[in-house]
Amino acid sequence: MAINKHHAIDPDKCTACTICITACPVTAATRKFRGPKMTGPALTRLRKLVSDDDPMLDYCSNCKTCDLVCPSGVPISTLNMLAKNEYYKTHPRKSPADDMLAHSEKMGKLITSIPLASTFANLGMTIGKSVGMLGAMGISSNAKMPSYASESFISKFKKIKQTSYQRKVVFFSGCFINYNQPEVGVDMVKVYQKNKIEVAIDENFVCCGSPMVAGGYIDDARVNAAKNAKLLKAWVDKGYDIITACTSCGLMLKQEYQELFDFEGMSEYAEHMYDSVEYLAKLHDEGEFNTEFANDSTEYIYHAPCHLKVQAIGRPSMELLPLVPGIKIQEADAGCCGISGSYGFKADKNPIAMKVGAKLFGKIKDSHAELGVCECGTCRLQMENGSGVPAIHPLTVLRKAYGL
Amino acid sequence: MLKTTVVVIGGGATGVGILRDLSMRGVDALLVERDDLGYWTSSRFHGLLHSGGRYAVKDKEAAKECIEENTILRKIGKQCVEATESIFVRAPEDSEEFEAEWVKSCKECGIYAVPMSMDEAFKLEPNLSRKLLSAYRCPGAAVDGFRLLWQTVASANKYGGKAKTYTEVIGIETVNGEVAGVHVRDRWTGEEYKIACDYVISATGSFAGNVAHLAGIDVNVKPSKGTLIAFNHRICNHVVHRLHPSSDADIFVPHGSITILGTSSIDSAPDDTSSETSEVLDMMNIGKVTFENLYDYRILRVFAGTRPLYSADPNAKGRSASRGFVALDHAHDGIKHFMSVCGGKFTTYRLMAEKVCDIVCEQLGVNTACRTAEENLVDGPSDDLMNRAKAVFPSYGAELAASRLGNEKLERVIKRIESRPETKELVCECENVTLAEIEEIASEPSSHTVSDLRRRTRLGMGTCQGTFCAYRSVGAVDKDDMPWAKDTVFLFKEFLETRWKGIRPVLWGNMLRDIELTRAIYDAALNLSGVDEIK
């Protein structure tokens, strides 16, 4: 493609230093992927010259570790995603699972709108797994699929009675919290209320589009981005800050939209976007974080998701959770878990995902921690699947410490 | 003693065109080149295959020649030409009357110039300045100079024509006022020897005066230096011209992975390929009219070449001197069967060769007609070969290698990878050059330096400008069966210093950061400059 400077994508900054290749978890796990420098800035120069792209670009998991380590600020993974999306305009997808995993919101909506559907859907997953149905769809039988909740977060939220406070935020729950783990959303509201924050939601929000981009459905993501960007800007104009409790949604809305799309108001609202724990850490810095905690003697091991790291907001959970009296928490510091949203669920990618996550799984097991802690929903599934140790959101730890 | 009918001096476009033409007419011919093929002017240009649009108003004859040759080269040189089309754009500072005259002239010359709305133009080329007023599509194209030269020689080879690089002519021998041969020196071994011949054609462009001087004859070439700027990416996917009378820095060519902006016009010595920062800045300021965000794009390097402008008037200068070519029969100067060819354009290289060879053949009593427009330079790869290539190359590599190598060499490279799969690894990641290609080209007798490999493969011509492929390629050629590659420190320095020459005048922004990385690797880590340890 000709490089468009009206756009935020700038591969010109790449000095070919190769640090991204040394940091890429997928390159370390498989020779099938030639690395982020090659797939991103290097091949961007050549894509106009050849009639066909290299199928190896499908192996990028969009974990964004390359973006994080790049000393030149090249949005490498976004270049990869753009190329992947171009590739799938002319190539068949590997499996029907791509569509399902990229459009998880559709599935979530369908299942949570029908009474008892979640029970059957979850049962279906289990049975499907045992009879090889998922394998036929291109979903790995090794991956632990997320189960569906019987009631969505939005439905639960409406039943929560909140105290009104001056400080107001709008919560972008995202699909995973809304359809799969609504309790995390409830934890968020309870913890925020305890910190004198009023939480609003917006039923018009749609899936942030992160799984669509990673799955090669960028046009669908654009439609969603247009809707969300407009709504988010309006909330910020009303004086609300925006909170996410899923680091992939947060990254998408705050940063990737600006790299991929060109809608008005994106940079304005992005300044008011926070990860749910980051926001509390900010409160703590301002001396307004509620630290009236009960004792918690549980041993935890914390894993920082890649999409949190690339937001460059530090490790807010590792600032706040140690404030809980009696708590024992260590950081795993073992790189990517491998799942990368929907990547590790795909049959052809699952062995790579498990290899990438092996170091983390080992760390969790060796730590003898009772619980894993992580902001990202699919990371938590992968942690549980790889180590056998259950994992929870840091907000859940805080809610418990508040005795709620 | 080496004997041939015609010695062609100069391995630029004109020389190789003549070699091919003569060989196809059955005339025994040998080309000698002091440096590598395409070392001088024939690679130091935009890489533009003119549509003729640029000359339509001022020089209709040249414009007609361009469109005819453009059409022929697209056909016979498919592997060297990227048929991008060109867009002519008029800026507010360009004359509206000229536009009208230009449209009329293009029509007269048979060059299509299809008007389009600015919205269409911006859709095709999103980076164009929004201030531009009008746009036309024309049949311009991008052409790879190095590739065209080597493939022209490959075509000549099929008919017995040969080329010797790094062979410098040091004397022209005459007997009774008629050429008898040339004395040459092998620049690598220092060996001097004679090549007996009946005819000498000097196709040495800007050096035509120097070569004629060997026979005591004056030829008035006025070399005019043009600097070109290479950008890291494609800023545009079409050639983009300013729609105004030809001037400096008004052409952008998407050349392979890069964009080339040119050029300037400064009277110079024939071997002056230097560029100053001030020239670059002047060109950038003009280029900005076409692409308003030009300063945001990363410059990879600059390079310069000299136009071999000829004028019988020794005081004629610069761009206004004729761009037509001349064939000077030195019988008029008292030496028979010695001809100097100079002037001309890359686009019309085949036609110039045809005209020269018509004269030469007549003098040699050869009646065969020119066939160079009818036959492809090299065969394109068959579907079968491409399938074999795609099975072993990364998919990008297959197509790029096919156009770089042509059919025969591609097959040899595929065989290398088939027998040793590890040779599909990339030595140059920026331009996707495999180890197998490096090994294949390095084993040819014409290879003496890593720069030679670079001109054949595009090794080191991308983003990192040799930082990562220098040590890989030197490592790849440092083998017992590669006698030219023994002095690895020399290989490193020769390669890196030619890269540095082009980077130095544009040492700011990202390129400055890049070169610091290069310095860290070669000066600090590898201590290439040989700094002694402090004891």
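The values are calculated or read from the model by the stated rules, or taken from the named source; none is laboratory data. Quick caveat, the model's predicted, so the values are computed rather than measured. For neighbour counting, all protein chains shown are included, and Cβ atoms are generated from backbone atoms with ideal geometry for every residue, glycine included. All accessible areas refer to the heavy atoms of the entire protein, side chains included, with ligands and DNA or RNA removed. Shrake-Rupley method; radii C 1.70, N 1.55, O 1.52, S 1.80 Å.
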Worksheet, complete the sentence: Here the equivalent ellipsoid of the range A:292-401, derived from its Cα gyration tensor, has semi-axes (largest first, whole Å) of 25, 14, 11
Discussion item. 5 Å is the cut-off here: which amide hydrogens, built 1.01 Å from N in the peptide plane, fall below it relative to B:ALA180, excluding neighbours closer than 5 in sequence?
Written reply: B:GLU173, B:THR174, B:VAL175
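For chain B, calculate the relative contact order in percent as a whole number, restricting contacts to Cα pairs under 8 Å that are 6 or more residues apart.
Over chain B, the number comes to 17 percent.
Carbon and sulfur together cover what percent of the accessible area of the protein assembly as shown at a 1.4 Å probe radius?
Numbers: 18450 of 35850 Å².
Looking at the protein assembly as shown in its full context, I get 51 percent from C and S.
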Worksheet entry | the range B:139-156 - phi-based ³J(HN,Hα) in whole Hz, Karplus 6.51/-1.76/1.60, Gly and Pro as x | x, x, 7, 9, 9, 8, x, 4, 5, 4, 5, 5, 6, 5, 5, 4, 5, 4
Worksheet entry | Tilt relative to chain A, helix A:350-367 - C-alpha long axis, 0 to 90 degrees, to 10 | 40
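Tell me, what is the Rg over Rh of the range A:183-234, with Rh the Kirkwood radius over Cα pairs?
Details: Rg = 14.3 Å, Rh = 12.8 Å.
My calculation puts Rg/Rh at 1.12.
Take peptide B:464-472, look around each residue's Cβ out to 10 angstrom, count Cβ atoms belonging to other protein chains, and average those counts. Before the final figure, lay out each step's value.
Working: counts 7, 1, 0, 4, 4, 1, 0, 0, 0.
Other-chain Cβ atoms within 10 Å of each residue's Cβ, averaged: 2.
Looking at chain B, what % of the alpha carbon pairs are farther apart than 36 Å?
Values: 46974 of 142845 pairs.
Pairs farther apart than 36 Å: 33 percent.
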Practice prompt. Sort largest first and round to whole Å: the equivalent ellipsoid semi-axes of the range A:238-358, each the square root of five times a Cα gyration tensor eigenvalue.
Written response: 27, 25, 9
Worksheet entry | Built amide H within the under 5 Å cut-off of A:TYR302, gap 5+ | A:GLN330, A:GLU331, A:ALA332, A:VAL373
Item to complete: Please work out the C-alpha center-to-center distance from the range A:307-362 to the range B:275-291 and express it in whole Å.
Response: 49
Worksheet entry | Residue-by-residue Karplus 3J(HN,Hα) for the range B:66-75, coefficients 6.51, -1.76, 1.60, Hz, glycine and proline x | 4, 5, 5, 5, 4, 5, 5, 5, 4, 7
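A plus B alone minus the pair: what accessible area, both sides summed, probe 1.4 Å, in Å² to 100? Don't skip to the answer; put the middle values down first.
On the way: alone 17030 and 21980 Å², together 35850 Å².
Adding both sides of the contact gives about 3200 Å².
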Discussion item. Taking only Cα atoms of the range B:211-364, what ratio of Rg to Rh do you get with Rh as the Kirkwood inverse-distance radius?
Written reply: 1.06
Worksheet item: In sequence order, what are the phi-derived ³J(HN,Hα) couplings for the range B:91-99 according to the Karplus relation 6.51 cos²θ - 1.76 cosθ + 1.60 with θ = phi - 60°, rounded to whole Hz, with x for glycine and proline?
Response: 9, x, 7, 8, 6, 6, 5, 4, 4
Fill in: Shape box of the range A:153-283 [Cα atoms, principal axes, largest first, Å]
40, 30, 24
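Rounded to a whole number, what is D in µm²/s for chain A from Stokes-Einstein with the Kirkwood radius over alpha-carbon pairs (20 °C, 1.002 mPa s)?
Working: Rh = 21.6 Å.
Here the translational diffusion coefficient equals 99 µm²/s.
Could you tell me what percent of the DSSP beta bridges with both partners in chain B are antiparallel, to the nearest 5?
Values: 56 of 77 bridges.
DSSP beta bridges in chain B are roughly 75 percent antiparallel.
Under the definition of Cα pairs under 8 Å and six or more residues apart, what whole-number percent is the relative contact order of the range A:153-283?
Working: 185 pairs, mean separation 33.1, N = 131.
Normalised by residue count, the contact order of the range A:153-283 is 25 percent.
Rounded to the nearest angstrom and ordered from largest down, what semi-axes does the equivalent ellipsoid of the range A:11-90 get from its C-alpha gyration tensor (root of 5λ)?
Numbers: eigenvalues 70, 42, 22 Å².
Ellipsoid semi-axes (Å, largest first): 19, 14, 10.
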Fill in: Base-10 log of normalised Debye intensity for the range B:171-260 (one unit scatterer per alpha-carbon) at q = 0.13, 0.22, 0.26 Å⁻¹
-0.71, -1.07, -1.31
Worksheet item: Residues of the range A:28-46 with accessible area at least 10 Å² lower in the all-protein-chain context than alone (1.4 Å probe)?
Response: A:ARG31, A:ARG34, A:LYS37, A:MET38, A:ALA42, A:LEU43, A:ARG45, A:LEU46
Worksheet item: Given a 1.4 Å probe, how much area per residue of the protein assembly as shown is accessible, in Å²?
Response: 38
Worksheet item: Amide H of A:SER140: which non-local residues (sequence gap of 5 or more, or other chain) have their own amide H closer than 5 Å, using H built in the peptide plane?
Response: A:LYS346, A:ALA347
Worksheet item: Regarding the range B:425-525, what are the three Cα extents along the principal axes, ordered largest first, in Å?
Response: 41, 25, 21
Response to the item:
In short, the range B:205-240 residues buried by 30 Å² or more of accessible area relative to the isolated chain (1.4 Å probe) are B:HIS233, B:ARG234, B:ASN237
Worksheet item: Looking at the protein assembly as shown, what % of the alpha carbon pairs are farther apart than 47 Å?
Response: 37
Fill in: Degrees separating the helix A:104-113 axis from the principal Cα axis of chain A, which is the longest one
40
